[in-house]
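Read-outs: derived from the displayed coordinates by stated rules, not from any lab. Because the structure is predicted, anything quoted here is derived from the model rather than measured. Neighbour counts run over all protein chains shown; Cβ positions are idealised from the backbone, glycine included.
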Amino acid sequence: METITDLIKGVSVPRMVKIREVFDDTHIPVNMIADMVNAELSREALGGQVKPGMRIAITCGSRGMSNNAVMAKAIVDFVKSKGAEPYIVPAMGSHGGATAEGQLQILKDYGITEETMGCPIKSSMDTVQIGLSGVRHQPVFMDKNASEADGIILFNRIKPHTSFRGPYESGLMKMMAIGLGKQKGAESIHHQSPAIMHELIEEYGRTFIDNVPIIGGIAVIENAYDETYLIKGLMENWAKVTLFTRPRRFGKSLNMSMLKNFFDINGNKEIFNHLKIAQETELCEKYMGKYPVISVSLKGINAQTYEKAIEMTVQLIKGEARRFQYLLESSELTEYDKKAYIALLETDVDEGTLCSSLKVLSELLEKHYGKKVIILIDEYDVPLAKAFERDYYDQMVIFIRNLFEYALKTNDSLKFAVLTGCMRISRESIFTGLNNLKVFSIADVQFDEYFGFTDEEVREMLEYYELSDHYEDIREWYDGYQFGKAEVYCPWDVINYVDTLRADPLAEPKNYWSNTSSNEAVKRFIRESDKVTLRREIERLVAGEVIEKEIHQELTYKEMNDSIDNLWSVLFTTGYLTQRGRAAGDTFQLVIPNMEIRKIFTAQIMEFFKENVPKNGVLLNTFCEALRNGETETIEKCLCDYLRRAISIRDTFVRKKMKENFYHGILLGILGYEESWSVSSNKESGDGYSDIVIETDDGEMGIILELKYAQDGDLETACQSALEQIGGNNYIDILEEDGVEKILKYGIAFYKKRCRVMIGEKS
């Protein structure tokens, strides 16, 4: 005390007052903590990434955290409920004496053991290098056991520090940078200047995010009384490689062009000035125009042979490389670097150089700009589809796999990559080894409304062009797709029809989508309809009904034709069918989305019918003779026989006129057998247009067929109506003018797979 007295001698000590501070004691009751953790994990963007069979590493190790074991157990239980395999990894840097045993003991002191958690705890000080830090290019290390997981869920406390100089000095980012780095990782950060600690934690943490399958995390905040105050599920949607699968003509290429212009240092930033993204000022300042971007589309790799496909790929890469000719003047590149660049411009490029071309170009661009590179690959699966069609599939799989291996896996110059395609061809190991690959398909909720037009967007477009009167037609023809939870229109169709309407306001909707493809999947589907069960399912689909099927989105092209079950999956992923409601696992409720696609199905049904009609010559002969001779019962029998074996359009979902057109087509297909007859369809005659007019080969006989669909099933009345229409509209005039002496008039009514034939008074 004397020392203290001496020290303050002559010092004026201010008056002291006792103050009692009362802190907010709001907290989560212990009995509710597990439910809160489960609720956060159940959010689709976080827990939705956990799939059956995945091995999920859960980090534990936050010191002094209340209810630690309760929350850890809740995370373990959630992972198990998703059909995945959880295990716990100590993530506490060098604590526990920097030994595996010491870290196990720390977890045990928290109440976290294999017995209490019900899952393995894998403790080791072994690490693997996962990459280099983004700015300082220092090696970044990670717990070896965690590196072997299919996904990682971070779990720890966010605690206050006496000094915060950056956005991250605690929490999930620190657990990655230091905790998962074990002793080796912790030392690599602590041995650097403490003044830049806040920068290093973020830099190392983002290296984890870019190279490791981080699913997300459970972050915990405690109140002043060390009680659990807040539990928050945090997601990091930034993946090293992201694949979007969508049907053709749904804006994949347009979105890739948008990404290129947004991120590219040399992109056109003005196009975003009046868009919603421009309001995100922080995001734009951080990312817009900040990265070199390599952008290629594989859509044009459509060759008859593998050798030609490689030649086309060489030209593609060369064309993209030419955009960066300023590299030849770069002071950051060595002469050796510039020679490597020149090699990419050569026409005669060997396959090895071609496989590494995107990686080499990435490295050169990073050297020049001092920034990592974004790679965009549009329509990645087109070369595989074309190769399958032309019997060089195995060679193309190896080439694509090697190209992606260099560009997306072993490329330290890669910031991130985005790919698009129609199918996820995962079983060919094309994406093997990509630690942080995220796939967003048409079944996923994330990004569900960003491919295709929403109803609101269509209404706005129509209002802008003063075409709102056409809304119902556009909705009927081009709406009906469900991606995730979003209902969307096909943008290609809407844009084309609106463009047509601007020139011709009376233009009818038509099929724009099918004209861009052979519709081969539907053709194969219809050709399988010799089985009664499938034939009835197709009829139900065309009628607007729902079919429940198990869908496999990860097929190879070889598997697509293996079974009809796989063909259902192809139709779904390529946009010929869409889902309704929420899927139950892999089981989806499938429908034909709209009128446009329904017409594709009916057209293929009719084509298939016409192909098969000539196979039954006896029945055709019988039908044509009966038609010539006025034998109505025989005509009915023949038609009903064909209808039973054909795929019909049979329900009230389809317009009556469309049904009549279907039966019209069937009759034309049958009548095509008599090559010597003159058969006219919808020919102007008398005061209207008769359905079918026939003149026999000798010109002595004419036959008029008027068709009706009996909506209420009353075939008799429908036949009478057809005959009255022939007489009332003087359809026979055209035949009489041609000097036809004998004319037969038939009224034919249909209802589902039944028909009735009546003959009118002979002329």
Practice problem: Name the shape class, rounded, prolate or oblate, that the alpha-carbon gyration tensor gives for region 353-447, where a ≥ b ≥ c are the square roots of its eigenvalues, rounded holds for a/c under 1.5, and otherwise prolate holds if a/b is larger than b/c and oblate otherwise. | Solution: oblate
Quiz item: How about region 296-332: which GluC sites (Glu not before Pro) there are in a DSSP loop, with at most 16 other Cβ atoms within 10 Å of their Cβ?
Solution: GLU332
Practice problem: Take the alpha-carbon centre of region 384-411, take the same for region 256-280, and report the distance between them in whole Å. | Solution: 31 Å
Self-check item: the chain - convex hull of the alpha-carbon atoms, volume per residue in Å³
Solution: 251 Å³
Quiz item: Say the dipole of region 455-512 comes from +1 at the beta carbon of Lys and Arg and -1 at that of Asp and Glu; which of PRO491, ILE474, ALA507 then lies farthest toward its positive end?
Solution: PRO491
Self-check item: GluC sites (Glu not before Pro) within region 400-504: DSSP coil, no more than 14 neighbouring Cβ in 10 Å
Solution: GLU466
Quiz item: Under the rule of -39500 (n - 2.57) per DSSP H run of 4 or more residues, summed and divided by the residues of the chain, what mean residue ellipticity at 222 nm is obtained, to the nearest 500 deg cm²/dmol?
Solution: -12000 deg cm²/dmol
Quiz item: Taking amide hydrogens as modeled 1.01 Å from N in the peptide plane, which residues meet the under 5 Å criterion relative to PHE155, leaving out close sequence neighbours?
Solution: THR59, ILE218
Practice problem: Please report, in debye to the nearest 20, how large the charge dipole of region 455-512 is about its Cα centre when each Lys and Arg carries +1 at its beta carbon and each Asp and Glu carries -1 there. | Solution: 220 debye
Quiz item: Which percent, nearest 5, of DSSP beta bridges in the chain are antiparallel?
Solution: 45 percent
Quiz item: According to the square roots a ≥ b ≥ c of the eigenvalues of the Cα gyration tensor, what is the shape class of region 557-650, taking rounded for a/c under 1.5, prolate for a/b larger than b/c otherwise, and oblate for the remainder?
Solution: prolate
Practice problem: Could you pull out the trypsin sites (Lys or Arg not before Pro) across region 64-164 that fall in loop regions by DSSP (anything but H, G, I, E, B) with no more than 15 other Cβ atoms inside 10 Å? | Solution: ARG136
Self-check item: Given charges at beta-carbon only (K, R positive; D, E negative), |dipole| of the chain in Debye
Solution: 2720 debye
Quiz prompt | Cα centroid separation, region 129-160 to region 298-333 (Å) | solution = 35 Å
Quiz item: Over the Cα atoms of region 55-203, what Rg and Dmax result, in angstrom?
Solution: 15.0, 45
Quiz item: By its C-alpha gyration tensor, with a ≥ b ≥ c as the square roots of the eigenvalues, how is region 616-759 shaped: rounded for a/c under 1.5, else prolate for a/b larger than b/c, else oblate?
Solution: oblate
Quiz prompt | chymotrypsin sites (Phe, Trp or Tyr not before Pro), loop per DSSP, at most 14 other Cβ atoms within 10 Å - longest free stretch of the chain | solution = 239-464
